[in-house]
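Below: one structure, written as structure tokens.
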Amino acid sequence: MKHTLSLITGLMLATAASLHAADTPRPNILFIYTDDQSYDALSIVQKEQGEKGRFPWLKTPNLDRLATEGVRFRNAFVMNSLCSPSRAVNLTGLYNHERGNGIASNFRPFPVNNVTHATLLRDAGYTTAYVGKWHMGSQRERPGFDHHATYVGHGRYQNCPYIVDGKDTPTKGWVDDVATDYAIEFINKQRTSAKPWSLVLGFKTPHQPWEPPVRAKDLYAGKLARTVPNVNTPPIYWPNPGRAKKPVPPAMPTNLGYFRCVNAMDECVGRLLKALDQSGFAPNTLVIFTSDNGFYLGAHATGDKRSAYEESLRVPFLVRYPALGDKARGRIVDEMVLNLDLAPSLLDFAGVPAPPEMQGRSWRPLLTGDDPSWRKSWFYEYFMEDQKGTRVPDITAVRTADAKLIKYPGHKQWTELFDLKADPYEMRNLINDPAAAELKAKMLAEHDRLSKELGFRVPPFVSRPPNWGKPGSLAGDLSDP
């Protein structure tokens, strides 16, 4: 049976590739993503936000170019706001609780037999490559990719040891400059090939320890960030979430190293766009830019991610594909797209059928027009992992265009309900407000529906803290969902 399914899949891929080839050249694909980039860490977003922008001095001209030459999704989110789990969702189009994903924490290797957009594109005749940050435990394999120039774990910002097609290779310079060099080398090599190509480029920026290259070390000196209203509204699961609110000035110091790294990374994107132009690939190359998760940067009194507030869930998301013409140029889309959608979207553009098991959907129709059938809600999951210093408990949540319900399994008393239209900074929990009873019932029902529809469960491959389930841990009452 398994052999038969493999034959059927192979025939489907071959047929799709031949039909697509007869119609129009299949696009090349350049998927770029950063690590921990806040959705508003783009100067085009800062300009749009005006007086509400936190970092009006930030400049990202090359990312802005992608947005103006393509489509900017204003409501892009991740299903699990943590590095490795989010990366696994990108690859598989599956939730982290699914066995075909296999990653629910930062400390496990990605299963080498997983079906991913890379394995399917390669089977359909694409040359596939992965460059830069992989970040799946200490894994050295890059399953599904013909070529790779990557490093283990987080690597380091300066002189990072790379693994190039399995061979340990020393490098000199800033890690994302080196990744960009390898990416451009791969692109240029494809000029002599008749095959389409798919390249994934993972930047380390702007993950801690926030070490920019020398050219950006003094950038933005003395700049302050505008204060957000929720800076003194800590997460509900903190030991003392109801602490007294202190007066906050209109502007505060911020992590300038973070933004210096973003600026230097933007320059790398500029080099990549130039390489596409010079190689002649630009007109038929689908370029996607996003991040593996958001980052708080002081919002909700924290500086991490993981939890289900907006600054953690939301990511930048840009798509440029010149072959679609003016309809996909300078367009802003407000429908909710997810990292779950990446794999089926790439396959759609390549003319490759997405496996029915994939839980996302292609956003290709949204690039040129609205889709009235698009999702109206989606489900979030996070599993507490054995990470030193982390005190974020298990989380499930449901978000619609205007509301969000957050549940903390084992801690019913922490349940949160927000009206995002009236309270975009999530400062007023309405869960016990009689006036919000109708919204509460609606969101609880939607949470239950999606949980059942997706087969939500705590997967056996979570890396739990040593004291999980014991008194004093954040497991809570495990019989109380």
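The values are calculated or read from the model by the stated rules, or taken from the named source; none is laboratory data. Here the structure is a predicted model, which means the values were calculated and not measured. Here Cβ is always computed from backbone atoms with ideal geometry, including for glycine, and neighbour counts include all displayed protein chains.
Every test in (1) in contact with an Asp or Glu (Cβ under 8 Å, 6 or more places away or on another chain); (2) assigned to a loop (DSSP other than H, G, I, E, B); (3) more than 21 Å from residue 239 (Cα to Cα) is passed by residue 398 save one, and that test is (2).
On the stretch given as segment 337-348, residues that are surrounded by fewer than 24 Cβ atoms within 10 Å (Cβ to Cβ) and either closer than 11 Å to residue 317 by Cα or of a type in the set (Phe, Trp, Tyr) (or both) total 0.
With respect to the stated conditions, residue 210 fails to be surrounded by fewer than 17 Cβ atoms within 10 Å (Cβ to Cβ) and aromatic (Phe, Trp, Tyr).
The strands (runs of 3 or more DSSP E) found wholly in segment 79-179 and carrying at least 1 residues that are aliphatic (A, V, I, L, M) occupy 127-133, 147-151, 162-164.
The set of residues from segment 239-296 being surrounded by fewer than 21 Cβ atoms within 10 Å (Cβ to Cβ), part of a loop (DSSP other than H, G, I, E, B) and of a type in the set (Gly, Ala, Ser) comprises 242, 244, 280. If you go through segment 276-291 and keep only what is more than 22 Å from residue 350 (Cα to Cα) and out of contact with any strand residue (DSSP E or B) (no Cβ under 6 Å at 6 or more places or on another chain), you end up with just 278. Could you grab me the full set of residues in segment 197-225 that are of a type in the set (D, E, K, R) and either free of Cβ contacts under 8 Å to residues at least 40 places away in the same chain or within 23 Å of residue 306 (Cα to Cα) (or both)? Listed by number, the residues that qualify are 204, 211, 218.
Could you tell me which of the residues 70, 125, 53, 100 is on the phi > 0 side of the Ramachandran plot and not aromatic (Phe, Trp, Tyr)? Spell out how you get there, then give the answer.
Details: 70 fails: on the phi > 0 side of the Ramachandran plot; 53 fails: on the phi > 0 side of the Ramachandran plot; 100 fails: on the phi > 0 side of the Ramachandran plot.
Being on the phi > 0 side of the Ramachandran plot and not aromatic (Phe, Trp, Tyr) holds for just one of 70, 125, 53, 100, which is 125.
Would you confirm whether or not segment 424-431 contains a residue that is under 22 Å from the mean Cα position of the chain (by Cα), surrounded by 15 or more Cβ atoms within 10 Å (Cβ to Cβ) and under 14 Å from residue 309 (Cβ atoms)? Yes, the conditions are met somewhere in segment 424-431.
Collect the residues in segment 378-390 that are buried (at least 16 other Cβ atoms within 10 Å of the Cβ) and either over 18 Å from the mean Cα position of the chain (by Cα) or more than 21 Å from residue 344 (Cβ to Cβ) (or both), keeping them in residue-number order.
Of everything in segment 378-390, those that are buried (at least 16 other Cβ atoms within 10 Å of the Cβ) and either over 18 Å from the mean Cα position of the chain (by Cα) or more than 21 Å from residue 344 (Cβ to Cβ) (or both) turn out to be 382, 383, 384, 385, 387.
So if I check each of 391, 361, which one is of a type in the set (Lys, Arg) and either closer than 20 Å to residue 115 by Cβ or in contact with a strand residue (DSSP E or B) (Cβ under 9 Å, 6 or more places away or on another chain) (or both)? First the steps, then the outcome.
Values: 391 fails: either closer than 20 Å to residue 115 by Cβ or in contact with a strand residue (DSSP E or B) (Cβ under 9 Å, 6 or more places away or on another chain) (or both).
Residue meeting the stated conditions: 361.
Within segment 301-348, restricting attention to residues that are at pLDDT below 95 and in contact with a Pro (Cβ under 7 Å, 6 or more places away or on another chain), the residue that is farthest from residue 232 (Cα to Cα) is 302.
In this structure, residue 164 qualifies as among the aliphatic types (A, V, I, L, M) and surrounded by fewer than 21 Cβ atoms within 10 Å (Cβ to Cβ).
Checked against (1) touching a residue at least 40 places away in the same chain (Cβ under 8 Å); (2) more than 23 Å from residue 73 (Cβ to Cβ), residue 290 passes all but condition (2). Considering segment 192-238, and only residues there that are of a type in the set (Val, Ile, Thr) and assigned to a loop (DSSP other than H, G, I, E, B), the residue that is nearest to the chain's Cα centre (by Cα) turns out to be 205.
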